[in-house]
4 protein chains.
Amino acid sequence: MSVFHGKNISVSIFGQSHSEAIGVVIEGLPSGITINEDSIKTFMKRRAASSSAFSTQRKEGDEPVFISGVLNGKTTGAAVCVVIYNKDQRSKDYSALFYTPRPGHADYTARIKYCGFEDTRGGGAFSGRMTAPLCIAGAIAKDYLEEKGVTIGSHILSVSDISEERFDSVNVSAEELKKVTSKPFGTVSDEKGRAMLEKIAEARNDCDSLGGVIECAAVGVPAGYGGEIFDGIESTLAKLVFSVPAVKGFEIGAGFDSTKLCGSENNDPFYYDENGVVKTFTNNHGGILGGMTSGMPIIFRAAIKPTPSIAKTQKTVNLETKENTEIEIKGRHDSCIVPRALPVMESCLALAVLDELIK
Amino acid sequence: MSVFHGKNISVSIFGQSHSEAIGVVIEGLPSGITINEDSIKTFMKRRAASSSAFSTQRKEGDEPVFISGVLNGKTTGAAVCVVIYNKDQRSKDYSALFYTPRPGHADYTARIKYCGFEDTRGGGAFSGRMTAPLCIAGAIAKDYLEEKGVTIGSHILSVSDISEERFDSVNVSAEELKKVTSKPFGTVSDEKGRAMLEKIAEARNDCDSLGGVIECAAVGVPAGYGGEIFDGIESTLAKLVFSVPAVKGFEIGAGFDSTKLCGSENNDPFYYDENGVVKTFTNNHGGILGGMTSGMPIIFRAAIKPTPSIAKTQKTVNLETKENTEIEIKGRHDSCIVPRALPVMESCLALAVLDELIK
Amino acid sequence: MSVFHGKNISVSIFGQSHSEAIGVVIEGLPSGITINEDSIKTFMKRRAASSSAFSTQRKEGDEPVFISGVLNGKTTGAAVCVVIYNKDQRSKDYSALFYTPRPGHADYTARIKYCGFEDTRGGGAFSGRMTAPLCIAGAIAKDYLEEKGVTIGSHILSVSDISEERFDSVNVSAEELKKVTSKPFGTVSDEKGRAMLEKIAEARNDCDSLGGVIECAAVGVPAGYGGEIFDGIESTLAKLVFSVPAVKGFEIGAGFDSTKLCGSENNDPFYYDENGVVKTFTNNHGGILGGMTSGMPIIFRAAIKPTPSIAKTQKTVNLETKENTEIEIKGRHDSCIVPRALPVMESCLALAVLDELIK
Amino acid sequence: MSVFHGKNISVSIFGQSHSEAIGVVIEGLPSGITINEDSIKTFMKRRAASSSAFSTQRKEGDEPVFISGVLNGKTTGAAVCVVIYNKDQRSKDYSALFYTPRPGHADYTARIKYCGFEDTRGGGAFSGRMTAPLCIAGAIAKDYLEEKGVTIGSHILSVSDISEERFDSVNVSAEELKKVTSKPFGTVSDEKGRAMLEKIAEARNDCDSLGGVIECAAVGVPAGYGGEIFDGIESTLAKLVFSVPAVKGFEIGAGFDSTKLCGSENNDPFYYDENGVVKTFTNNHGGILGGMTSGMPIIFRAAIKPTPSIAKTQKTVNLETKENTEIEIKGRHDSCIVPRALPVMESCLALAVLDELIK
């Protein structure tokens, strides 16, 4: 079941790349939450394809249509359903894939699980396109949190071997987060951004693709949210992040680097700041201690693998003839999905935090 | 709520470090599963403290007592409850911590969440000791899976900056996994193991602690288990792994490294092996594609931060006087919990796989 | 959250009486289930308004549109979303109700819960119209079960003080169930049906309304499904039945009557029938013993209160002026919803049984 | 799985009649709730066997032992686990039942579901004894609600054909509820109580048993709790009530009687009382309208079937020899469990209300 059952909200995503529509049902939102359709569309545009170097040529309108749960721009308290009608479907592109699973895709594993009944057109229910409904939920959550003083943002930390600096995990500000999320290419450093774009263009010329790392942060989350063991906010967040196709790694705060520090280096000592607020000098814990928020910025990084759809010829099998064969994937594909995954990662964080804060 | 609600099983963990007992209720296990108490105890011993260089001096008997759900060595189909009575509690050690939260621990965040009603003795519900009931559930799951042809094992990939080689993600065998899990110190290479132990001893002498990375694998999992989006097996696994205190990072297959590969390198091409089984030449996907198992070994790595309890003096706050202060943590603590976390990581993987396979 | 989380399926209903659409997302259906749109439409028609004596004059097309999860007439295994676009909305009818809650409706309680943000048009998310998406899910479940040898049907046991005979709880057959569900007015006895229709017409002339009791049965359900305590199939069924507006009572087997029997009368003795199948001589248990199916017909009855929307003047309050006042409800309303509730009750039973059988 | 997953709490019950212990894990309780062990024990005594005419001769100590989640008489916020050690087990009484299922019990259905691995001793996980842990959770909930101004109580409305008057559904008071729950035999009318006791004694002399109806009420529940469709508080309540063995019917407010009223009689008109509170003149809705509380008393009735264990010889089957046979049930059994079921019904109501109010 592709339902996320949070503590307070439930998010159900439906649709396939080439079905009538894709969409989301969000249950548990309080009544009276402002739904700013402009803000949602702006957010969705960051995920949608554009004409730039890194993105697919398929034009995804991604126009969210509110079906239920909203009246006069406010949530009614009933289930919110939003759909995006699929318009630009070229199903013929995909017919051959039924027997020759694409490496790095869900074609083969879905065939086994769903016994050939699965919808393979355009990746079906496994398409990256399914992150669009997730972003609708994320946009609603993010807007709500912003009203409550919580700002969420992200940047492209790296593409292939080109990386820029991490956020300052102690001092990262709402302004910084807003600034980087409003940029056409989501790096803090324009220079690094240009280098990444060049690298992506190169990969495209090579009929190949690239991956990268996204760093995402939330500032303004109060201390004391989350819980112990299975109830930890990082458990929820990790579940959400790994529900996004192409994510292969996830770390909080200092993450894997913390394994190379001594305890005395990695522990973040507490102090009272000038306003009497408890803070930590460092933020290796990434804003979460023992599954609960500490009041420090929440910081996580996610590894996005290179787009599996590449134009290069690849080895695969023919499931009908039971023979080894080759495949050439045609059609429209991103040579790097990292830039478009930024709002998706923000959506995961927004939903994890919203789920705690609306209690 | 510290309940894991899987697709088919539900695991509820209860207890505090110094309560009457700690324990676990596992619901949804089929009837007739063999409960091998010896095997469970052997598994638990790997998690329990020993007298070696890296572990706490507290003697945790960790004797599992079956309360319900098992009759004549088989599950009855009703809820399985197992407890471990807490015997060796020195509660006085912890009384001062109520006002001076330990850096890197849940003391402060729990105070905010639970308003001072939380049990701080020995870390309460946030203690690493709470992984013992998780291991009971894991041991049952692991034994069951072994009967079904699935073997799970793990090794210490690194402690601080000393690391050994990763498992061969394509060819890792059940035998290899069994061999390394039966070793007193869980490295494949004895030489690397000795180096790690020395490093840990050093840290202990410095009143400090170390972290490390654990690599965990499952072989023999059939293809086609899991599901899309929130239903992916890596989502479930990530949730479980991050429910373990001290985990700060998690990656599947090539993980963060995959972000430095091209798509043509990272994609794992399919082929038919001599037995007509679909396999992949490489295993950068770590046995999971699109949220579903591929039949290749499942491989993940988890980053374990250095033990937060260290003997060195640390800065902290006094929550009563609202002043900055210092803390010296006394008592019995591991200078590196990585070795004891091996069965815990295996438990997470066993539970995630069991939850899929018993359907 | 209006999500039903079963053991294997999840059903999420969304929409309001006057929103863009109403609909349902069903997760967890296996791939390859036949979706017979004609059969679904036939089933939906039983719930929809017709021109007969008992029903509303509002013409509810109730045309189900499949959005996702179905390909070539079979489920793909992904979430199935089906919507009904709302066409015939006369929102102006309802504007006054915002301040004068209708007796017997959710107007007042929703006002308190949702603070005035709720959608009051046509009863909003509390409208009986929301049973249409439930029936879509029910129709799919019922068709699937029929293929597996399970037949579900129901009849109008009573309207007001006119009642017909109960099903023979031991011998009720699939044929009988199919016959009564195909009748234009769902009584076994045509004579009793006519008497009920007359009584309903009378109530309508009096600007009043009537309730009644529905009896619903499933034959062919194998023994051994369900579970103990919270896991019992009657717990699931009761939850589903009470999620339907207007239901005020529910009983299984002999139900309330069993309280007047001695144990020796109420207990259903077991015997082997000529085919070696274990059966019971009587069926006071209604096919469920200890939360699990016994193989005997499952029988339940549900009490449906008289339609709360009546044309008679009624006392109520004005929530703005804080004064007592009166209300006259205009518009189109059923004087008895019992006939239209038949497929709704069947849907509840079908979903409860499906949820067990698809494991 | 015998887990109740509420909106805010989760209740997991474990144990068998003759296992080491039975118990309950309650997750989601806020920290700081007072745990009054005396009050809990008093409540438990109402459920436990006494030496009176109606009850079993088995002496169930039912001593609750707190394992976790409580410190200094207050909840810590972590999972609360409470067990009752089973002491007085005479397992030999039950050995023969493995092959000859008792009519009216779960023996046969459990055999099919659990394939012979189930624990049949004393009814195993299906025993009425499993309501003891439910009552522990209920007692905690009831005490908490009492502090919040919500009082819950119940009375024996009928035993067999002897019944007393229903609560006044509009005016029933906290005092009345407290009074009747403190009586040794839970009827409002002592005369009716005596008649019921005589009838029960008669049944016992006949080697037979009786059932009855319990009416349960909550006063002081504020308006606006619950939700629509699957989220209705009566859905939750119905699920809980039917999780109790022996319950065969459930109705809210006027229940089945409402089907004989006209809409104009059944609708409860609103008015402002002298304090400006919205009330209804009548309470046929039983305190719940559209799934949400109205502020009026919540009233429900549950049908409890006659105890299935009777000393009379009964027909049954031998599952080993596959022949029809007879059974005589020996041992200690209540001839009427209705009196002992009163606190169980109150527990269901308390948990359903608590689950809403602690949000």
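Every number here is computed from the coordinates shown, using simple stated rules; none is lab data. Remember, predicted model here, so these are calculated numbers, not experimental data. Positions of Cβ are generated from backbone atoms using ideal geometry, with glycine treated the same way; all protein chains shown enter the neighbour counts.
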The stretch A:200-359 - charge dipole about Cα centre, Lys and Arg +1 at Cβ, Asp and Glu -1, debye rounded to 20: 460
Range of Cα positions in the protein assembly as shown per principal axis (Å), largest first: 83, 69, 66
Residue-count net charge about D:Arg204 - beta-carbon cut-off 11 Å; Lys, Arg +1, Asp, Glu -1: -4
Spacing of the two label points (7 Å from each Cα toward its C-beta) at B:Asn72 and A:Lys183, in nm: 6.9
Simple Cβ-charge dipole of the protein assembly as shown, Lys/Arg +1 and Asp/Glu -1, about Cα centre, in debye nearest 20: 0
Shape parameters for the stretch A:210-305, alpha-carbon atoms, Rg then Dmax in Å: 14.1, 46
Using a 7 Å Cα-to-Cβ projection, D:Phe281 label spacings across copies, nm, ascending: 5.3, 7.4, 8.5
Footprinting exposure proxy for D:Leu357, D:Leu289, A:Leu351 (fewest neighbouring C-beta atoms within 10 Å first): D:Leu357, A:Leu351, D:Leu289
Taking the convex hull of Cα positions in chain A, its mean projected area over all directions (nm²): 18.9
Per residue, the convex hull volume that the Cα atoms of the stretch B:104-147 enclose (Å³): 82
Per-residue average of Cβ from other chains inside 10 Å of C:322-334: 1
Fraction in percent of alpha-carbon pairs per bin - 5 Å, the stretch D:153-286: 2, 8, 14, 18, 20, 17, 10, 6, 3, 1, 0, 0
Under 9 Å, Cβ to Cβ, from A:Ile233 - net charge with Lys/Arg +1 and Asp/Glu -1: -4
Residue-averaged beta-carbon neighbours from other chains (10 angstrom radius) around A:159-170: 1
Within chain D, longest stretch clear of exposed GluC sites (Glu not before Pro) (DSSP loop, no more than 13 other Cβ within 10 Å): D:1-164
Net +/- balance of residues flanking B:Thr34 in space, Cβ distance below 14 Å, scoring K and R +1, D and E -1: -2
Label spacing, shortest first and in nm, from D:Pro30 to its equivalents in the remaining copies (7 angstrom along Cα→Cβ): 1.4, 4.4, 4.6
Nearest-20 debye value, the stretch C:132-244 charge dipole, Cβ charges on Lys, Arg, Asp, Glu: 260
Of the DSSP H helices in chain B, those whose Cα atoms cover at least 27 Å axially and whose Kyte score averages -1.0 or more: B:338-357
Cβ-Cβ FRET estimate between C:Ser39 and D:Val65, R0 fixed at 56 Å, reported to 0.05: 0.50
Axis proximity, chain B to C: residue whose C-beta lies nearest, plus whole-Å distance: B:Lys359, 3
Cα-only radius of gyration and Dmax that characterise the stretch D:92-242, units Å: 19.2, 53
Options C:Thr259, C:Gly290, C:Met345, ranked by Cα towards positive dipole end of chain C, top entry (Cβ charges): C:Met345
Hull-based mean projected area of the stretch B:257-317, where the convex hull spans the alpha carbons, in square nanometres: 8.1
Karplus (6.51, -1.76, 1.60) ³J(HN,Hα), θ = phi - 60°, over the stretch B:14-30, in Hz, Gly and Pro reported as x: 9, x, 10, 3, 10, 7, 3, 7, 10, x, 8, 10, 10, 10, x, 5, x
Inter-copy label distances at A:Ser173 (7 Å, Cα→Cβ; nm, one decimal): 6.1, 6.3, 8.2
Options B:Leu237, B:Phe126, B:Gly73, ranked by Cα towards positive dipole end of chain B, top entry (Cβ charges): B:Phe126
Cβ neighbours within 10 Å from other chains - mean over C:128-136: 1
